[in-house]
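The values are calculated or read from the model by the stated rules, or taken from the named source; none is laboratory data. Treat the numbers as computed from the prediction; the structure is a model and nothing was measured. For neighbour counting, all protein chains shown are included, and Cβ atoms are generated from backbone atoms with ideal geometry for every residue, glycine included. SASA here: full protein model, heavy atoms, side chains in, ligands and nucleic acids out. Shrake-Rupley method; radii C 1.70, N 1.55, O 1.52, S 1.80 Å.
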Amino acid sequence: MPDATFPWTGWEGFLPGHFSRLSASECLIQLQPDPSYTPHCSGCLQACSLIHDVNVRRIRDRDLFEYRTWLEVPVRRLRCPRCGVRREALSWLSVYSRLTERLRQQAECNPPEN
């Protein structure tokens, strides 16, 4: 799996880093902050490069081929000069969610069959 070419991203502000298999049906992708991207404050949505701290969260994403996909995301809290310490705004991940927006949308569009 480490040599797999990843066909899409969709994680604004992050780049896929290390890939590993957790089991025969699950994989883990460790994301890294994109050095060319400046994070944005979730309060005022302004660019802010002052990092207060970082918490790594494990998030469920859409399946990748036959693998149930998990992401390890270093979610940053920013020291915004306007808003104080706030979480960075991530368009693809809601504030307390453990599911990416595209997985949530896929689940809403494909309800389980009876």
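For the reader, a short list of remarks on this structure follows.
- HN-Hα J in Hz across segment 91-102 - Karplus 6.51, -1.76, 1.60, θ = phi - 60°, x for Gly and Pro: 5, 9, 8, 5, 3, 10, 6, 10, 10, 5, 4, 5
- Thr38, Thr69, ranked by accessible area, largest first (probe 1.4 Å): Thr38, Thr69
- Largest first, the residues Glu88, Glu12 sort by 1.4 Å accessible area into Glu12, Glu88.
- Accessible-area value, Cys48, 1.4 Å probe, nucleic acids and ligands omitted, Å²: 10 Å²
- With K and R counted +1 and D and E -1, the other residues having a Cβ less than 10 Å from that of Ile51 yield a net charge of +1.
- Phi angles of segment 33-50 translate, via the Karplus equation with coefficients 6.51, -1.76, 1.60 and θ = phi - 60°, into HN-Hα couplings of x, 6, x, 8, 10, 8, x, 10, 5, 6, x, 9, 6, 8, 4, 8, 9, 8 Hz per residue; Gly and Pro are given as x.
- Multiplying the residue separation of Glu26 and Phe65 by 0.36 nm and removing their Cα-Cα distance gives an extension gain of 13.0 nm.
- Other-chain or far-sequence residues with amide H under 5 Å of Arg87's (modelled H): Ser42, Leu78
- Normalised convex hull volume, segment 23-95, alpha-carbon set, Å³ per residue: 89 Å³
- Amide hydrogen neighbours beyond the local backbone of Asp63, cut-off 5 Å, H modeled: Thr69
- Computed from phi, the 3J(HN,Hα) profile of segment 25-32 under the Karplus parametrisation 6.51, -1.76, 1.60 (θ = phi - 60°) reads 10, 10, 10, 10, 10, 8, 8, 10 Hz, with x in place of Gly and Pro.
- Whole-percent carbon and sulfur share, accessible surface of segment 14-114, 1.4 Å: 50 percent
- Solvent-accessible surface of protein heavy atoms, probed at 1.4 angstrom with all chains present, puts Ile51, Ile29 in the order Ile51, Ile29, largest first.
- Residue-level accessible surface for His40, protein heavy atoms, 1.4 Å, Å²: 50 Å²
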